[in-house]
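**Student:** Once you've had a glance at the structure underneath, I'll fire off some questions.
The values are calculated or read from the model by the stated rules, or taken from the named source; none is laboratory data. Treat the numbers as computed from the prediction; the structure is a model and nothing was measured. Glycine gets a Cβ as well: all are built from the backbone with ideal geometry, and neighbour counts include every protein chain shown. Protein only, heavy atoms only, side chains kept; ligands, DNA and RNA dropped before computing areas. Shrake-Rupley method; radii C 1.70, N 1.55, O 1.52, S 1.80 Å.
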Amino acid sequence: MKSRFSHPLLILFLALPLFVCTDGATKAGRINAIERELAATPALAADGFIFPVGPPDGRGYYNAQPFGVRNKRFGDNFHLGEDWNGRGGGNSDLGDPVHAVARGIVALVKRDHPGWGNVVIIAHRVPGAGGGRFVESVYGHLGEVLVKEGDAVRRGIKIGTIGNAGGLYYAHLHLELRPAVTLDIGGGYGDSLEGFLHPTEYIRKHYYQQRR
């Protein structure tokens, strides 16, 4: 796997398959490498967020299953992200473009994950006091994937298309935002919202304002 970065340490870690990060030391090393690369590359700083569909404001799409809502199909657990659907409903948005919410580095690409289909995770550094903070965006149920691990991405770049996990669901995008780089895909639902951000609220709070 070839990274677009020249940082030798990052290349070393990005040469390892991310989906085997069950080993604590391997996972921690990959996270550290990604965070160091983000911190060392000002051009990758996330200087504003947009919505991943119908950018910049989500026009033409709606949030069919909001963050934090309990779902009885999944043990009455909380929804840890948001499900974005096209206004036409059903599979009308199948194949529609999905965009990176902010600048960052593609930390994980996992194909044909059970229950998820194709997944992309992007790590972001949000500038601020003490060097800023790290945030991770997770894009689930993708059809086509157009990026690879280690890619530097711009805000708004097309990273894939909306899928339906091989027909398991009607087409939609499952979006999560997390206040850390974790690399794990997760379950999409949980008994606690700890460790997850409200995607719409966070994007609106950090919305990209075009400089005039």
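**Student:** Does Ile185 satisfy being β-branched (Val, Ile, Thr), open to solvent by less than 20 Å² (accessible area, probe 1.4 Å) and over 12 Å from the mean Cα position of the chain (by Cα)?
**Tutor:** no
**Student:** Which one is nearest to Ala107 (Cα to Cα), of the residues in region 153-177 that are among the hydrophobic types (A, V, I, L, M, F, W, C) and open to solvent by 30 Å² or more (accessible area, probe 1.4 Å)?
**Tutor:** Going through region 153-177, the residues among the hydrophobic types (A, V, I, L, M, F, W, C) turn out to be 153, 157, 159, 162, 165, 168, 171, 173, 175, 177.
Among the residues that remain, those that are also open to solvent by 30 Å² or more (accessible area, probe 1.4 Å) are: 157, 168.
Working: Ile157: 16, Leu168: 25 Å.
Ranking the qualifying residues of region 153-177, first place goes to Ile157.
**Student:** Collect the residues in region 113-130 that are in contact (Cβ under 8 Å) with a residue 24 or more places away in the chain, out of contact with any strand residue (DSSP E or B) (no Cβ under 8 Å at 6 or more places or on another chain) and either in a helix (DSSP H, G or I) or within 30 Å of Ala40 (Cα to Cα) (or both), keeping them in residue-number order.
**Tutor:** Matches in region 113-130: Pro127 only.
Conditions tested, residue by residue: (1) of a type in the set (A, V, I, L, M); (2) open to solvent by less than 20 Å² (accessible area, probe 1.4 Å).
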| site | (1), (2) |
| --- | --- |
| Glu37 | no, yes |
| Ala40 | yes, no |
| Gly60 | no, no |
| Phe67 | no, no |
| Asp93 | no, yes |
| Ala100 | yes, yes |
| Val106 | yes, yes |
| Val138 | yes, yes |
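**Student:** What single numbered condition from (1) surrounded by 18 or more Cβ atoms within 10 Å (Cβ to Cβ); (2) at pLDDT 95 or above fails to hold for Glu144?
**Tutor:** Going through (1) surrounded by 18 or more Cβ atoms within 10 Å (Cβ to Cβ); (2) at pLDDT 95 or above one by one, Glu144 breaks only (1).
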